[in-house]
2 protein chains.
Amino acid sequence: MKSKWDELQDNLNMHFQEVNLLKQAFTHASYRNEHRKAQIQDNERLEFLGDAVLELLISDFLFQAYPHMPEGELTRMRAAIVCEPSLVMFAKRLQFDEYVRLGRGEERSGGRRRPALLADVFEAFLGALYIDQGIDRVREFVDTYIIPHLADAKVGVDYKTALQEWVQQRLGVSLRYVIVEERGPAHAREFVVHVAVGDTVMGIGAGKSKKEAEQQAAAAALKSFMESASEERDTSVSKTD
Amino acid sequence: MKSKWDELQDNLNMHFQEVNLLKQAFTHASYRNEHRKAQIQDNERLEFLGDAVLELLISDFLFQAYPHMPEGELTRMRAAIVCEPSLVMFAKRLQFDEYVRLGRGEERSGGRRRPALLADVFEAFLGALYIDQGIDRVREFVDTYIIPHLADAKVGVDYKTALQEWVQQRLGVSLRYVIVEERGPAHAREFVVHVAVGDTVMGIGAGKSKKEAEQQAAAAALKSFMESASEERDTSVSKTD
C-alpha cells in the first residue's frame, strides 16, 4: 500500500532520497512534543533554511523579469510574494494542510487551518527539497507552482509589462497578442490567446477573460525567454572554462 | 596596462565574463547621476539580489554546521553575520573601498568611508558574481573570504562547539586538540594547533593564542567535513538518477 508520503511525492512529481526530510517539513513542534521518545524533529530549522531559499529564487526571478525596476519596487514586490497570505495560498493549492503532523491539542484547537502554521510548512518543504536535491530542483518547483500564479497572488506582478520590457531591451522588437479561440457557453466563456514576435508564437494562454488569457500567454513567453537566456549563459560559461 | 578592474579580479582570483557587472557593483548612485549620458547603472538592484544570495549561503552554512541549534538561535546568528558592521569588515579586508565609484559631492563628504555604502557594495558584488557565474562560485567566495573569519566577526560563531556537534552526531567519536608548535619571541608568540580524530589530523590552525589557533583548526576541520558530506550527497544523487 502506498503511504501518504508516497502519494504526496507522486502528486508533486518528485522523489525524496531522504523521505524523513519530507516528513520533518510537515511536522509541527506540537507533534514532536508528543513523540519525544521517537526522536522526531520538527520543521522549524527547515523553515529557517527554506525561507532563505525562497527569498533568493523570488529575488532572482524579479531581477531578471523586470530589468528596469528600481530596487525599492523590487523589494516591495518580493515582500508581497514571500508573505504569509501568499504562502498559505500556495500551500493550500497543493493540499499541504492534509499532510501536516500536529499534536492532539493543536489539532483540537484548529491548528491545521492556522495561516502561520501552513506558511511555515510551505517554507520548510522548500528547505527540505533544497537539502535533498539542491537549488536547481527548488527552482523548478518554484517555476512550476509559484511563478505562474503570481498574478493571482495580487502582488502586482503584471506579466505583459514584464514581457514587454524584456523583449524591448534584449531584442528591440514588439509583441502582438492574438485571440485564437473563444470557447464554451456564454456563462463560462474561455479565451485562448497567443503572444507572438513577428510570426513566431512565443506563448499560449487560456483564461476566463481576454485579460487573464493574455497574462497567462505573457507568463509562458517570459518563462521560455528566461530559460533560453539562462541556457545561453550556461553555455558561454562552459566555453570559457 | 592593466585596468584597476583587472587588478581587482586578479586579487580575488576570478574572471568576470561581463566586467560591466563588476563595475556596476562598485557604482554608487551619485556616480551614475553625474554620468547620465553614458547610461551607467548603479549597484542598487545588484545589492537587492546579493543580499538574498548571502542570506541563503550563510543560512545553509549555519544549518549544516550546527545540526542541533534551534531556529531562533540560527536566526540570531545569521542576523549578526549579515549586518552592516560585518559586511564592512569583509569589504575593507578586500580593499573594496578603493574601487568604489562615487559622485564628486559624495566623495568630498567622505562617502567612501560610509559604512552603509561599503556594505551595499559588498552585497552588490555578490549579486554580480551570482549573475555572472552562478551560486556555486559565490559559495566558493563565501567559503574563502567570509566563513573562515566569522570568529573575528564577533557573531558568536564558536567553531570548536560546531565541530564537536558535527563529529558526535555523525561519527560518534571525540576530538583531540594538540599544540604542535610554539614559535616567535615572547611578545609575538604564535601557536600552531592540530585537531585530530584518533590519529588522523583533520585540521590545522595558527594564532596568537592557543584559543585562536584551536578555533582556526576547528574551522578548517569543519570545512573539510562539510565538503566531504556535500560530495557524498552529490554522488548519491547521481547514483539514484
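The values are calculated or read from the model by the stated rules, or taken from the named source; none is laboratory data. Because the structure is predicted, anything quoted here is derived from the model rather than measured. For neighbour counting, all protein chains shown are included, and Cβ atoms are generated from backbone atoms with ideal geometry for every residue, glycine included. Areas reflect the complete protein model, heavy atoms only, side chains present, ligands, DNA and RNA absent. Shrake-Rupley method; radii C 1.70, N 1.55, O 1.52, S 1.80 Å.
List the residue pairs whose Cβ atoms are under 7 Å apart, where the first residue sits in the range B:93-118 and is hydroxyl-bearing (Ser, Thr, Tyr), the second is open to solvent by less than 20 Å² (accessible area, probe 1.4 Å), and the two are 6 or more positions apart or on different chains. Qualifying pairs under 7 Å: B:Tyr99/B:Leu8; B:Tyr99/B:Phe26.
Answer yes or no as to whether A:Tyr130 is within 23 Å of A:Phe63 (Cβ to Cβ), at pLDDT below 95 and among the aromatic types (Phe, Trp, Tyr). If you could, list the steps in order and put the result at the bottom.
Numbers: within 23 Å of A:Phe63 (Cβ to Cβ): yes; at pLDDT below 95: no; among the aromatic types (Phe, Trp, Tyr): yes.
No, not satisfied.
Of all residues in the range B:138-151, none satisfies being assigned to a helix (DSSP H, G or I), open to solvent by less than 50 Å² (accessible area, probe 1.4 Å), within 30 Å of A:Gln64 (Cβ to Cβ) and among the basic types (Lys, Arg).
Of the listed requirements (1) over 28 Å from B:Leu12 (Cα atoms); (2) surrounded by fewer than 15 Cβ atoms within 10 Å (Cβ to Cβ), B:Lys160 misses just one: (2). Scan the range A:182-198 for residues that are part of a strand (DSSP E or B) and of a type outside the set (Phe, Trp, Tyr) and jot them down. If the condition is that a residue be part of a strand (DSSP E or B) and of a type outside the set (Phe, Trp, Tyr), then A:Glu182, A:Arg183, A:Glu190, A:Val192, A:Val193, A:His194, A:Val195, A:Ala196, A:Val197 are the ones that fit.
Could you tell me which of the residues B:Gln39, B:Gln9 is polar (S, T, N, Q) and open to solvent by 20 Å² or more (accessible area, probe 1.4 Å)?
On the way: B:Gln9 fails: open to solvent by 20 Å² or more (accessible area, probe 1.4 Å).
Only one candidate passes the filter, namely B:Gln39.
For every residue, the table says whether it meets (1) in the same structural domain as A:Gln133 (by TED's automatic domain parsing); (2) over 18 Å from the mean Cα position of the chain (by Cα); (3) at pLDDT below 95.
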residue	(1), (2), (3)
A:Gln9	yes, no, no
A:Ser30	yes, yes, yes
A:Ala65	yes, no, yes
A:Ala79	yes, no, yes
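When the residues of the range B:1-55 are filtered to those that are touching a residue at least 12 places away in the same chain (Cβ under 8 Å) and among the hydroxyl-bearing types (Ser, Thr, Tyr), the one that is nearest to the other protein chains (Cβ to nearest Cβ) is B:Thr27.
For residues that are part of a helix (DSSP H, G or I) and either among the polar types (S, T, N, Q) or within 23 Å of B:Ala79 (Cα to Cα) (or both), scanning just the range A:12-24, find the one that is least open to solvent (accessible area, probe 1.4 Å). The extreme case among them is A:Gln24.
In the set (1) modelled with pLDDT under 95; (2) open to solvent by 20 Å² or more (accessible area, probe 1.4 Å), B:Ser86 fails one condition alone, (2).
Which residue out of B:Ala116, B:Ala52 is closer than 28 Å to A:Ala79 by Cα, outside the structural domain of B:Ala220 (by TED's automatic domain parsing), open to solvent by less than 10 Å² (accessible area, probe 1.4 Å) and in a helix (DSSP H, G or I)? Explain how you work it out, then say what you get.
Numbers: B:Ala116 fails: open to solvent by less than 10 Å² (accessible area, probe 1.4 Å).
Matching residue, one of B:Ala116, B:Ala52: B:Ala52.
Evaluate the range B:96-111: report whether one residue or more is within 14 Å of chain A (Cβ to nearest Cβ), part of a helix (DSSP H, G or I) and in contact with a helix residue (DSSP H, G or I) (Cβ under 9 Å, 6 or more places away or on another chain). Walk me through it before giving the result.
Residues of the range B:96-111 that are within 14 Å of chain A (Cβ to nearest Cβ), as a first pass: none.
Looking for residues that are within 14 Å of chain A (Cβ to nearest Cβ), part of a helix (DSSP H, G or I) and in contact with a helix residue (DSSP H, G or I) (Cβ under 9 Å, 6 or more places away or on another chain), one finds none in the range B:96-111, hence no.
What are the residues in the range B:163-180 that are hydroxyl-bearing (Ser, Thr, Tyr) and open to solvent by 70 Å² or more (accessible area, probe 1.4 Å), if any? Please lay out each step first, then the result.
Of all residues in the range B:163-180, those hydroxyl-bearing (Ser, Thr, Tyr) come to B:174, B:177.
Answer for the range B:163-180, where residues must be hydroxyl-bearing (Ser, Thr, Tyr) and open to solvent by 70 Å² or more (accessible area, probe 1.4 Å): just B:Ser174.
For A:Met1, the criteria (1) open to solvent by 50 Å² or more (accessible area, probe 1.4 Å); (2) farther than 30 Å from B:Asp132 by Cα; (3) part of a helix (DSSP H, G or I) hold in every case but one, which is (3).
Condition check: more than 14 Å from chain B (Cβ to nearest Cβ), out of contact with any strand residue (DSSP E or B) (no Cβ under 8 Å at 6 or more places or on another chain) and not polar (S, T, N, Q). Does A:Leu129 satisfy that? Walk me through it before giving the result.
Working: more than 14 Å from chain B (Cβ to nearest Cβ): no; out of contact with any strand residue (DSSP E or B) (no Cβ under 8 Å at 6 or more places or on another chain): yes; not polar (S, T, N, Q): yes.
In short, no.
Considering the range A:59-77, the residues that are more than 8 Å from chain B (Cβ to nearest Cβ) and surrounded by 20 or more Cβ atoms within 10 Å (Cβ to Cβ) include one that is nearest to A:Gly127 (Cα to Cα), namely A:Phe61. Scanning the range B:181-210 for residues that are surrounded by 13 or more Cβ atoms within 10 Å (Cβ to Cβ), over 18 Å from B:Glu227 (Cα atoms) and among the hydrophobic types (A, V, I, L, M, F, W, C) turns up B:Phe191, B:Val192, B:Val193, B:Ala206.
The residue that is nearest to A:Ser59 (Cα to Cα), counting only those in the range B:88-127 that are out of contact with any Lys or Arg (no Cβ under 8 Å at 6 or more places or on another chain) and among the aromatic types (Phe, Trp, Tyr), is B:Phe125.
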